[in-house]
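For reference, the structure discussed in these notes is given below.
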Amino acid sequence: MSARYEINRNEDGTSYQFITFSGNTYIAYFTEFSLQDKDGNEIPTVSFGFYCKLANDEKPQRFDAKIKRTIIYIINEFFRIQPAEAILYLCMNQGGKAKNRHITFDRWFKEAGEDLEKHDAVDELTEPSFYSSIIIKSTNPEKQKFIDAFYYTIGFWGLG
């Protein structure tokens, strides 16, 4: 049995799809995003997200470790192809679950690989709560530029 689900990469090259054992369809995607540094320069990067289309709305979702391993694989594959990039991850608050999503993603990240770093911006005092992270290879020579721009952008928009 495979450790992860089979992935179909869409023709646009920015999104992936996989179907779980229970028939749920997951879409993982990368979109263009711009951070801003303290001098007002735009720092292009990408945002990563995923969502689930339930096969049956009446059936509760169950824990499935292959989902985690598949998402981790997609992130690692991104960095294998584009090692000089950074990924932003925003935890959406649908259903009031932003904090839960952040905690889950944090656990998943710890299994993503030792050569990646994650820096968080968390503000539980805003409504709705805002959780975001930037992921970058530890060896990226532009690492500090991305990290500084991430925190500057969060502060600029009053999100952190």
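Table for the structure above
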quantity: Verdict on ILE72 being touching an Asp or Glu at 6+ places or on another chain (Cβ under 7 Å), under 22 Å from ARG4 (Cα atoms) and assigned to a helix (DSSP H, G or I); calculated: yes
quantity: Filter pass, LYS145 being modelled with pLDDT of 75 or more and not in a strand (DSSP E or B); calculated: yes
quantity: Segment 30-56: number of residues that are without any contact (Cβ under 8 Å) to a residue 40 or more places away in the chain and crowded, with 16+ Cβ neighbours inside 10 Å; calculated: 1
quantity: First in segment 72-96 and closer than 11 Å to SER47 by Cα, second anywhere and open to solvent by 70 Å² or more (accessible area, probe 1.4 Å) and modelled with pLDDT of 80 or more, Cβ under 6 Å, 6 or more apart; calculated: LEU88/PHE33
quantity: In segment 5-53, residue nearest to the chain's Cα centre (by Cα) [restricted to those that are basic (Lys, Arg) and closer than 22 Å to ALA84 by Cα]; calculated: ARG9
quantity: Criterion violated by PRO60 - all others in (1) within 24 Å of ASN140 (Cα to Cα); (2) assigned to a loop (DSSP other than H, G, I, E, B); (3) not acidic (Asp, Glu) satisfied; calculated: (1)
quantity: Hits in segment 9-29 (condition: surrounded by fewer than 17 Cβ atoms within 10 Å (Cβ to Cβ) and over 15 Å from LEU54 (Cβ atoms)); calculated: ARG9, ASN10, GLU11, ASP12, GLY13, THR14
quantity: Among (1) in contact with a Lys or Arg (Cβ under 8 Å, 6 or more places away or on another chain); (2) modelled with pLDDT under 80; (3) part of a helix (DSSP H, G or I), the one test that TRP108 misses; calculated: (2)
quantity: Residues satisfying the stated conditions in segment 57-84, i.e. closer than 24 Å to THR14 by Cα, open to solvent by 50 Å² or more (accessible area, probe 1.4 Å) and either polar (S, T, N, Q) or touching a Pro at 6+ places or on another chain (Cβ under 9 Å) (or both); calculated: ASN76, GLN82, ALA84
quantity: Unmet requirement for ASP115, which otherwise passes all of (1) farther than 20 Å from GLU142 by Cβ; (2) touching a residue at least 24 places away in the same chain (Cβ under 8 Å); calculated: (1)
quantity: Pair list, Cβ < 8 Å and 6+ apart or interchain, from segment 134-155 residues that are acidic (Asp, Glu) to residues that are outside any helix (DSSP H, G or I); calculated: GLU142/ALA84; ASP148/ASP37; ASP148/LYS38
quantity: Some residue of segment 21-28 being assigned to a helix (DSSP H, G or I) and more than 30 Å from GLU142 (Cα to Cα); calculated: no
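The values are calculated or read from the model by the stated rules, or taken from the named source; none is laboratory data. Predicted model only: the values in this text are computed from it and were never measured. With ideal geometry, Cβ positions are generated from the backbone for all residues, glycine too; neighbour counts draw on all protein chains shown. Keep in mind that these areas ignore ligands, DNA and RNA; they rest on the heavy atoms of the full protein, side chains included. Shrake-Rupley method; radii C 1.70, N 1.55, O 1.52, S 1.80 Å.
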